[in-house]
Structures are given as structure tokens and as C-alpha cells.
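Below is one structure, written out as C-alpha cells; the observations come after it.
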Amino acid sequence: MSGQPVAVRLAEEMTTLRSSALPPDVLARANDLFLDFLGVALAGVPEDSSRALRQGLERLGLRGDATVLGTTGRLPPPQAALANGAAAHAIEMDDTHLGGSIHLGASVFPAALAAAELAGAGGEAVLRAAVAGYEVAARLAMAVGPAAHYERGFHPTGTCGAFGAATAAGLLLDLDAGALARALGIAGSQAAGSMEFLADGAWTKRLHPGWSASAGLHAAALAGAGFRAPASIVEGRFGFLHAYSEAPRREHLDGPVEGFELMRTGIKPHACCRYMQAPIDAALTLRAAHAIDPHAVERVEVGIVSAGFPIVYEPEEHKRRPRSVVDEQFSLPFGIAVALARGAASPTEFVPATLDDALVTQLMDRVTAVHDERLDAQYPRIWPAWVRIVLRDGRRLEEHVTHALGDPERFPDAAELGAKFRTLARRMLSEAQVERLAGAVAALPRAASVADVVAAAVPGR
């Protein structure tokens, strides 16, 4: 273990990614995740939370030149990153790194995009910066330990995301290793994000990645100007690990690292919390394989990892009667119920009107979550689940899922990734613009700037 502060070692390692040889599949995956980010961000633009956020920023009289995706508006780079990150998290379909239980793209890409516009950076530089941002945020999320971090009430996307955003922005703003270490030190004083949104279905979780992206840009800009920050921000007596976790795991920061955390990041096919993805996969598989009539379901038992219980199943009475879209997105009974009742768990199902669906309500009362030590033993490296359905005729049907659809082990192919992107992007763009944007993203690794991407992501251009 090196005697250097963690932030200094991370900064030195990440600055080498500007020019070091990266495997082609890593850059290709970064581009895939960028396409996925753009799709979920565009789909989140018309959500009420995104509208309210943009209106709030307008009240501050902010004017700037940075692109706000899916709109004709412009804002200063930090606020554009805030708006884009919040939109990308609104429909709960943004990417997830399992080991850190963190949504990386929704904080890293908004910061990178705003910094790239500001600095005139090329496409490959953006992708390299994203690889570095994912790396730092994911390692820190694993180091604080998802379960321990949640136990203290923190959301890893909000806390660790600030460090990842600062890394990506710092590389694109041409910070050297010393300045990037300062940026990480500044980001640590901005790391925030409370899980209390679960109490009443508030919108604040959607704010977290956007605020992280904005914090990262501020951190990088201040560091580049020489603003001082603690080098021991990660491991120090009052540093991030000690303040944000009861059980920090330094090995994720000190030990040798094989591969890239970006390659261990998956995407979501369903519009809800990641802890619900594998159970919904299992429910949909059983529904299709056995032609299940949802009215014939007697009860449903769902095995999930224990870390998911306080997020998607407790308190039971609240999770069985969601009162908002956010409640729906974090209700295991709701997710299983809509999957069985409608054969899908897309943004179309996670809407206020579904709260009035009598069949969905009946099915929610028949869903019970079950602790399973065998599942917990594999967490957080993987998040397995199982579903057992008992029908009124006495049949018992069971399905186990080790890796959910979209996980790195089941990452979508180009056609599947493109289908998700196009479905979501059409919420804000015309068919022609969707195809233009897809083409601009495909060309991004060779592009001299992000101009073609941002132009295609603005309606009517």
C-alpha cells in the first residue's frame, strides 16, 4: 500500500488515461453507455421533476452557452449538467454499477459533456474522461460499502458521483495530476445525497446525479484556479470513508485493479430501482413460459438481497400502496404486480394512472419478499433473485435469475441497445433527429468535438 494520499494516487492514475492505450472494447463500451445516457436523459426531460428543476433555475436568472438536452434552453455549464443529470435519473433507467450500487453515467456524462463544450474537447477525449470518472466513482462506492453507506442514509450516486464528475471534468479541462487531486478534495466537501426521499416519494433522488455533475464541474474549475483542498479527503480522520461508512473497505482503493469498472456497469431494461430488475425478469419469464393469467395468482414470493429490503420492500404497508411515480419505482410489490398484470415494466407502466388499476392493487397484496442468505453471500458483486408463484390451481412455478438483463454478463447487443435508445429519445425528438443523434454518437470516437451530438439532441435543430 502506497504512503501517498488516496486522492493523489487516483489523480496520478487517472491523468494517464488521457493518452495511454485503452482496449478498443473499453472505448466502445463507453460509447454504448453514452448512447444509453442520452436516451434516458431525453426521456426524462418532460417529467414533472425535470420541468420544475428547469423552471427553478430560470428563476435565478441564469444564462449561459451550455446545452440542456432535449430543450432549446441554454445554461451555464454547471447548471446544464445539473439539469441533464437530473433528467437522466428521472425515469430510473440509467446505468448501474453493482459492486458500488451506483448510477455512474447520470453524473459523469453530464459533467463531461458540459466540460467538453466549454473546452472544445474531442469525442475520444470525452470517452476517456468518462472511463476515468466511472473508475473513481465506482471504486469509492465499493470502498464505502453500499449496505453500510445506505445504513447511514446516503445515496452512492449523490456522494461518490461528485468525485467521478470532478475526475471527468478535470481531465477535459486539462488539469494535471496535482490539480486533479485538489478537485477530488473539493468534491469531497460537496458529496451529498439523502435516501429520505423514500419516505414520501419525493423528487430529491433525481436531483442527486445532476448535483454531483454540477459539483464536479465546480470542483474542477476551482482546482484549476489553485483552490486548496485536503489531500487526505478520502482516508483522513474526517475524510470520506470514515464520515460516510461504518465499514469502509480500503482494498478497493489500495489493491491492484484489473480491468475497468466501466466494463462492470450494466444498463436497465425496466423503469425502476435496480433491486427490482432481476425479480421482474423472473416474473416476466414465468408469465411468458406458463401463460399465467394474473387473476389466477394466489401468492408470489420473491427472494432478494437484504440490502434491497429497506429500499424496495420496507415498510410493507407503504410499498404495497404507492402514492406517486417515485413510490412505484421503489416498490417491489408494484414492480412484480405490473409485470404479471401487463407483461411489461416500462415507463408506460410507471405512471400515476396505474395506481388506480384494481388488478395491480390486488396483486401487490399477494407479493412477499423473502430473505435468503444464499443471495446475500453474493452481494454486492452480483444481485441475484428468485420468484416463486403459487397459482390457485395449486401449481408452484419458480425462476432464478443470477444476472439481470442488461448486466455486464448479459449486456445488450447493438440492436437491443439501439431499440432502447430510440424508444426513449422519441419522447423529445423527431424520428429524423433520433437517427441523426444515433449517427453522431456512432461517429463520436473520431469527432473533433461534441458539436454534432449536442446539436442533434436539441429539438428542431
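The values are calculated or read from the model by the stated rules, or taken from the named source; none is laboratory data. The structure presented is a predicted model; accordingly, all values stated were derived computationally and were not measured. Cβ coordinates were reconstructed from backbone atoms using ideal geometry, including for glycine residues, and neighbour counts include every protein chain displayed. Accessible surface is based on the protein model in full, side chains and every heavy atom, while ligands, DNA and RNA are left aside. Shrake-Rupley method; radii C 1.70, N 1.55, O 1.52, S 1.80 Å.
What number of residues within the stretch 366-392 satisfy the criterion of being of a type outside the set (G, A, S), open to solvent by 50 Å² or more (accessible area, probe 1.4 Å), part of a loop (DSSP other than H, G, I, E, B) and out of contact with any strand residue (DSSP E or B) (no Cβ under 9 Å at 6 or more places or on another chain)?
2
Show the residue pairs meeting these rules: Cβ distance below 6 Å; 6+ apart or different chains; first residue within the stretch 262-290 and farther than 16 Å from G335 by Cβ; second residue part of a strand (DSSP E or B) and of a type in the set (A, V, I, L, M, F, W, C).
Final answer for the pair search is H290/L397.
Is it the case, given these coordinates, that P156 is surrounded by 24 or more Cβ atoms within 10 Å (Cβ to Cβ), within 28 Å of A345 (Cβ to Cβ) and within 11 Å of the chain's Cα centre (by Cα)?
In short, yes.
Restricting attention to the stretch 314-355, which residues are buried (at least 23 other Cβ atoms within 10 Å of the Cβ), of a type in the set (D, E) and in a helix (DSSP H, G or I)?
Across the stretch 314-355, the qualifying residue is only E328.
For L363, all conditions in the list (1) in a helix (DSSP H, G or I); (2) open to solvent by 40 Å² or more (accessible area, probe 1.4 Å); (3) not basic (K, R) hold save one; what is the number of the exception?
(2)
Can you find even one residue in the stretch 72-91 that is in contact with a Leu (Cβ under 7 Å, 6 or more places away or on another chain) and surrounded by fewer than 20 Cβ atoms within 10 Å (Cβ to Cβ)?
yes
Here's a check for you: in the stretch 178-207, which residue that is farther than 25 Å from H89 by Cα and buried (at least 17 other Cβ atoms within 10 Å of the Cβ) is farthest from the chain's Cα centre (by Cα)?
A179
How many residues does the stretch 1-60 hold that are open to solvent by less than 30 Å² (accessible area, probe 1.4 Å), out of contact with any Ser or Thr (no Cβ under 9 Å at 6 or more places or on another chain) and over 30 Å from P352 (Cα atoms)?
Result for the stretch 1-60: 6.
Where in the stretch 1-92 are there helices (runs of 4 or more DSSP H), lying wholly inside it, with at least 1 residues that are within 30 Å of V325 (Cβ to Cβ) and more than 20 Å from the chain's Cα centre (by Cα)?
Where helices (runs of 4 or more DSSP H) fall fully within the stretch 1-92 and carry at least 1 residues being within 30 Å of V325 (Cβ to Cβ) and more than 20 Å from the chain's Cα centre (by Cα), they are 48-59, 77-88.
Kindly establish whether L140 is open to solvent by less than 10 Å² (accessible area, probe 1.4 Å) and touching a helix residue (DSSP H, G or I) at 6+ places or on another chain (Cβ under 9 Å).
Criteria met by L140.
Do any residues in the stretch 400-421 that are modelled with pLDDT of 95 or more and open to solvent by less than 30 Å² (accessible area, probe 1.4 Å) have Cβ atoms under 6 Å from those of residues that are of a type in the set (A, V, I, L, M, F, W, C) and outside any helix (DSSP H, G or I), where the two are at least six apart or on different chains, and which pairs are they?
V401/A385; G406/I267
Would you confirm whether or not the stretch 254-262 contains a residue that is modelled with pLDDT under 95 and in a helix (DSSP H, G or I)?
Within the stretch 254-262, one or more residues are modelled with pLDDT under 95 and in a helix (DSSP H, G or I).
Determine if the stretch 375-393 includes at least one residue that is within 20 Å of the chain's Cα centre (by Cα), within 16 Å of R274 (Cα to Cα) and β-branched (V, I, T).
yes
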